[in-house]
Structures are given as structure tokens and as C-alpha cells.
Amino acid sequence: MTRFATAGHAAAWAGLCPGTNERAGKRLSRRTRYANRSLRAALIESARAAVCKRDCYLAAQYRRLVKRRGDKRAIVAVAHSILVIAYHVLRDGQSYRELGGDYFDQMSTARLTRYHTRRLAALGYAVTLTPRAA
């Protein structure tokens, strides 16, 4: 992996980086690069298989992104993540450590708690939170 300076360079070579199109300070979406089609196709197919797995970081990332970005863009984002993971595994010689399907929930528990209490209060419920004994 010494051919690529960073994981971003590898992703750009594979054609998994979104194009940049900025006007008046706004970032507009654009097509991904036309690059290594065979690697890109293999990564997209791997991403499609990865999102079907239960309790997996990549599946959780897909479910998080598909709500607001759509299926195809979420799959490209997961394929990009797979390439970045492969880059770091090959460069550092370490094994892959799965973060788990609840990674995003654990990462922001305070934000999720605040969000859901506000939603329940908006629906007309009186919410009092007490931490559960471990």
C-alpha cells in the first residue's frame, strides 16, 4: 500500500470518492470519478453483501445513511469504508476489529437520550429519566 499516500488516495484511484462541485459556498453533489471499474464493482458487490449482515458496523452505517442519502449513495459510502478498512489492514499488518452494530448508538448516547426525550415530550408524554442499575 506504499503506492498510495493515504486511504483517500486509494479511494480516489478506485473511483469511490465523490466529486467536488462548489458554488457560492455550497457543496453540490456530483458523480464519482470514472476510475478502476473492476475494483469499484467488486467493492460495491462486497458492500451489498455486508449490509445484509446483522450486528455489523457496515450494516449500521448503511442503515444510518440510507434514510437521508438513498440506497445507491449509501452503498458507495459503505464500499468506500471497506476500501479504507482494507487499506489500513494491509498497511499496518493488523487484523480487522469489528466495531459492532451499536457503535453509532454508543458513540452518542447523550445526544440520542436528549433527542428521544424531546420527541416523547412533543408527543405529550411527561418524561423522567432514571438510570438503570447495572
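Of note:
- Using θ = phi - 60° in the Karplus curve 6.51 cos²θ - 1.76 cosθ + 1.60, the 3J(HN,Hα) couplings for the stretch 106-121 round to 6, 5, 9, 5, 5, 5, 5, 4, 4, 4, 6, 5, 5, 5, 5, 5 Hz; x is entered for Gly and Pro.
- Take the Cβ atoms of Ala122 and Ala49, set R0 to 30 Å, and the FRET efficiency comes out at 0.15.
- Springs join every pair of Cα atoms under 10 Å in this Gaussian network model of the chain, and among Ala49, Ala24, Ala110 the largest mean-square fluctuation is at Ala24.
- Taking all C-alpha pairs of the stretch 90-134, those more than 16 Å from each other amount to 61 percent.
- Cα-projected label distance for His9 with Thr109, points at 7 Å along beta-carbon direction, nm: 4.0 nm
- Sparsely packed loop sites in the stretch 38-134 (the chymotrypsin sites (Phe, Trp or Tyr not before Pro) outside DSSP H, G, I, E and B with at most 15 other Cβ atoms within 10 Å) comprise Tyr96, Tyr125.
- Spin-label model, Ala133/Val89: points 7 Å from Cα along the beta carbon direction are separated by 4.4 nm.
- Scaled against the 2.2 N^0.38 Å expected of a compact globular protein of N residues, the Cα radius of gyration of the stretch 7-107 reads 1.12.
- Between Leu90, Leu58, Leu28, the GNM of the chain built on Cα springs shorter than 10 angstrom shows Leu28 fluctuating the most.
Read-outs throughout are calculated quantities, based only on the coordinates presented, and are distinct from any laboratory measurement. A quick note: this is a predicted structure, and the numbers were derived from the prediction, not measured. Cβ coordinates were reconstructed from backbone atoms using ideal geometry, including for glycine residues, and neighbour counts include every protein chain displayed.
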